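Following: one structure in structure tokens, then a few remarks.
Any read-out appearing in this document is the output of simple, stated calculations on the displayed coordinates, not a laboratory observation. Note that the structure is a prediction, hence the values are computed from the model and not measured. Note: ideal-geometry Cβ built from the backbone for every residue, glycine included; neighbour counts use all protein chains shown.
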Amino acid sequence: MNLFKQTVAGTLLALAAIGCAPKSDLDRKVDDLLAQMTLREKIGQMHQVSGGADLFEAAAKGEIGSILNCVDPEAINAVQRAAVEQSRLHIPILVSRDVIHGFRTIFPIPLGLAATFDPALVEQGARVAAIEATASGVRWTFSPMLDIARDPRWGRVAEGSGEDPYLDALMGVAMVKGYQGDDFTDPSSMAACLKHFVGYGAAEGGRDYNSTMISERSLRNTYLPAFQACVDAGALSLMTSFNEIDGIPSTGNSFLLRDILRGEWDFDGMVVTDWNSSGEMVAHGYAKDLKHATELAVNAGVDMDMMSFGFATFIEELVKEGKIAEKSIDEAVRNILRLKFRLGLFENPYVDAQHARAKVYAPEHLAAAKQSAVESAILLQNRNNVLPLDKTRTILVTGPMADAPYDQLGTWAFDGEPEHTVTPLQALREEYNVIYEPGLKYSRDTDTRSFAKVRAAAACAEAVVVCVGEEAILSGEAHSLSKLHLQGAQSELIAEVRKSGKPVIVVVIAGRPLTIERDLANCDALLYSFHPGTMGGAAIADLIKGKAAPSGKTPMTFLRDAGQAPFYYNHNNTGRPCNGTETLLEDIPLHAGQTSLGCTSYYLDTGYGPLFPFGYGLSYTTFEYGNIKLNRSSFGLDDTIVVEFDLTNTGSRDGVEVAQLYTRDLVGSVVRPVKELKRFERVALTPGETKHLRFELPVAELAFWNRDMQFVVEPGAFQLWVAGDSASGTAHPFSVE
Ligand code: NOJ
């Protein structure tokens with residue numbers, strides 16, 4: 001919070017304390033309406049149910065504040081009409097949906113969007129999603145998911161921006177801006193919902209819904225910053241998470257919901273539970289029954305209940321018993337009404353059902369989806385520059401993901417329509433003479449009987465494109481895995497086509513970073529595309545043909561083996577970091593004495609390093625960083641570090657490089673991460689071209705929550721890197737005095 005904001009907030013708080021804070025027009029409207037409401041009507045506003053026209057009666061009685069999962073504009077208008085025309089106070093219903101990476105035009109899954117390192121494009125995608133979804137009457141989306149994810153076994157890594165807090169914050173803010181637009185009352189504006197508050201991605205063992213153990217410091221340094229950034233960017237709502245942290249379920253955690261969210265961050269938006277996350281406090285063993293769970297949730301600071309029915313059933317009783325103060329109910333309802341007024345729902349409750357369909361799949365929507373899919377694809381290997389296949393005429397296309405229109409949409413594509421999907425097979429047919437032999441029917445298929453046909457077809461082709469990966473259902477909510485290699489006989493299929501001696505290009509279309517070391521050995525090039533959405537095939541074909549060049553970078557570390565998880569680049573150092581001289585299993589002498597194995601932090605079988613580090617990705621050209629210079633070697637707390645450098649395209653094709661700036665705080669009052677991403681920029685360069693670039697980093701952005709739980713910059717020695725990924729570059733020392 002800046003000083004001005006602090007002073008203004010301080011003054012308002014002081015005025016509020018003596019009961020004479022100036023009320024905004026919005027607050028006045030909210031209070032006027034609240035004053036007319038009965039307790040039952042207030043409780044109705046706090047109740048969110050799944051459904052549509054079937055909720056007509058409840059809406060007419062003012063018993064529902066919001067619905068989810070209805071996208072039929074006629075049904076939405078019908079239930080809205082009941083609320084607006086028949087309920088006593090005519091309060092409109094807030095219509096919500098999981099619009100996570102597009103509505104009808106599906107964009108790459110959020111992990112793929114993060115791989116673009118292009119927040120402006122992500123904002124554009126969120127705008128498209130809002131235009132399409134609001135045309136059907138949806139004014140509230142449960143996105144962005146800001147959960148830091150450092151364990152690819154967790155299926156929901158697909159839905160977030162990966163392992164880095166800075167990238168996560170930038171992508172989150174881009175989505176919030178895109179969904180909400182400049183004017184909330186505009187009918188195409190859709191309220192964002194920051195989720196899941198908080199720590200959900202730290203599920204032990206990567207198993208969904210599992211417990212987490214996160215210290216307050218780690219919460220503040222790693223898990224909370226993206227939420228705070230999005231709150232500062234004006235996000236209108238937030239969802240509590242399923243998990244508990246150190247024994248306290250988030251839905252009943254007043255430290256998170258009241259002290260931090262409302263107290264420290266001044267959030268005046270609305271807080272909703274996740275689906276029955278209030279009721280689940282009973283299974284956690286934190287509440288003795290649903291009534292108790294309701295008491296805990298409301299008192300902790302939840303405004304709206306998604307699908308536990310506890311609020312609707314028990315609040316009245318709990319208020320009568322004095323277990324919930326009516327003042328807490330008023331506070332919750334204020335937050336709900338404020339959101340409804342902000343969205344202009346009272347003036348504009350209905351949707352133009354006639355024209356809903358006309359707003360979807362606009363050419364510019366498809367173009368943005370395609371560009372997002374192009375920028376999200378990560379080239380992980382390209383031996384002998386086998387890609388692009390710009391001179392090849394006949395290719396064999398094989399693999400279960402080559403023509404899987406539903407699966408390439410990825411998780412949370414409820415409203416995506418496979419019949420509108422462009423698959424790699426369809427798009428490659430526009431560019432090449434294609435021989436198509438799928439080899440396997442779906443990603444888990446183990447039936448190798450048609451491999452013989454694939455082999456025969458490979459003999460007739462100049463190159464083979466193998467599209468493998470994961471069906472949509474293998475990632476996303478509740479879809480965690482303990483093994484991360486390609487499912488079914490997909491690796492065998494790659495090995496099979498390898499025998500043809502033809503160049504083999506593997507395209508992985510998946511919801512998470514898989515362990516693909518074995519497959520890399522069996523192919524010349526590997527392009528990784530996190531489920532790329534409606535236009536994914538068109539993007540992949542352009543990349544293979546060379547009409548576009550890959551520029552995506554890994555938003556999560558790629559592991560060699562699932563047993564390495566959790567593994568992330570920005571970890572703290574151990575007292576015995578790996579030094580590259582570690583003894584591996586095969587090198588251990590028989591009857592070795594205990595100390596002969598070296599004493600650093602690594603695995604005997606996989607060693608230490610990842611398969612690919614965070615921020616990694618190749619292009620069809622090469623880049624060189626040079627003349628990296630800092631404006632000074634020593635800085636004061638109010639200074640700005642200016643890093644200038646030259647970036648040159650040293651290859652023979654056009655390309656885009658994501659230049660990245662990392663820092664390390666060498667000694668802290670608590671152990672600090674070995675590297676932290678602080679800036680990045682996408683830079684387009686023609687062959688031979690050099691651009692002189694600069695990153696500016698205020699020293700204040702080196703602050704962290706220290707030993708005394710204060711957010712400060714601790715003076716001392718630092719290092720800085722400018723490079724194309726988190727594992728490259730040379731360290732440049734500087735100090736803060
Ligand atoms: C449960 C999921 O955890 C959450 O992300 C989603 O928004 C809700 N269900 C509503 O579908």
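Below is a table of values for the structure above.
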quantity: Residues of the range 39-76 classified as surrounded by 22 or more Cβ atoms within 10 Å (Cβ to Cβ), within 16 Å of the ligand (Cβ to nearest atom) and at positive phi, total; calculated: 0
quantity: Scope the range 389-411; condition out of contact with any strand residue (DSSP E or B) (no Cβ under 9 Å at 6 or more places or on another chain) and either touching a residue at least 60 places away in the same chain (Cβ under 8 Å) or over 22 Å from G155 (Cβ atoms) (or both); matching residues; calculated: D390, K391, Y406, L409, T411
quantity: Exclusive hit being more than 16 Å from V468 (Cβ to Cβ) and part of a loop (DSSP other than H, G, I, E, B), set T534, T515; calculated: T534
quantity: Subset of the range 158-207 that is in contact with a Leu (Cβ under 9 Å, 6 or more places away or on another chain) and β-branched (V, I, T) - its residue that is surrounded by the fewest Cβ atoms within 10 Å (Cβ to Cβ); calculated: T185
quantity: R139 within 16 Å of the ligand (Cβ to nearest atom), of a type in the set (D, E, K, R) and either surrounded by 24 or more Cβ atoms within 10 Å (Cβ to Cβ) or more than 17 Å from the chain's Cα centre (by Cα) (or both); calculated: yes
quantity: Pairs, first farther than 25 Å from G160 by Cα in the range 88-105, second within 13 Å of the ligand (Cβ to nearest atom) and not in a loop (DSSP other than H, G, I, E, B), C-beta under 8 Å, six or more apart; calculated: I93/S66; I93/I67
quantity: The range 468-486 - residue that is in contact with a strand residue (DSSP E or B) (Cβ under 9 Å, 6 or more places away or on another chain) and in a loop (DSSP other than H, G, I, E, B) and, of those, nearest to the ligand (Cβ to nearest atom); calculated: S475
quantity: Which numbered condition S96 fails, given (1) among the small types (G, A, S); (2) out of contact with any Gly (no Cβ under 6 Å at 6 or more places or on another chain); (3) away from the ligand (no atom under 16 Å from the Cβ); (4) over 30 Å from A377 (Cα atoms); calculated: (3)
quantity: Looking only at the range 592-625, and only at residues there that are among the aliphatic types (A, V, I, L, M) and under 25 Å from Y528 (Cα atoms), the one that is surrounded by the most Cβ atoms within 10 Å (Cβ to Cβ); calculated: L618
quantity: Looking only at the range 298-329, and only at residues there that are of a type in the set (A, V, I, L, M) and within 16 Å of the ligand (Cβ to nearest atom), the one that is surrounded by the fewest Cβ atoms within 10 Å (Cβ to Cβ); calculated: M307
quantity: Considering residues of the range 209-225 that are more than 20 Å from V713 (Cβ to Cβ) and within 18 Å of the chain's Cα centre (by Cα) only, the residue surrounded by the most Cβ atoms within 10 Å (Cβ to Cβ); calculated: Y223
quantity: Residue in the range 186-209 that is assigned to a loop (DSSP other than H, G, I, E, B), more than 16 Å from the ligand (Cβ to nearest atom) and among the hydroxyl-bearing types (S, T, Y) present; calculated: yes
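Let's see how each residue does on (1) among the acidic types (D, E); (2) part of a loop (DSSP other than H, G, I, E, B):
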residue	(1), (2)
I131	no, no
S143	no, yes
S161	no, yes
V173	no, no
D182	yes, yes
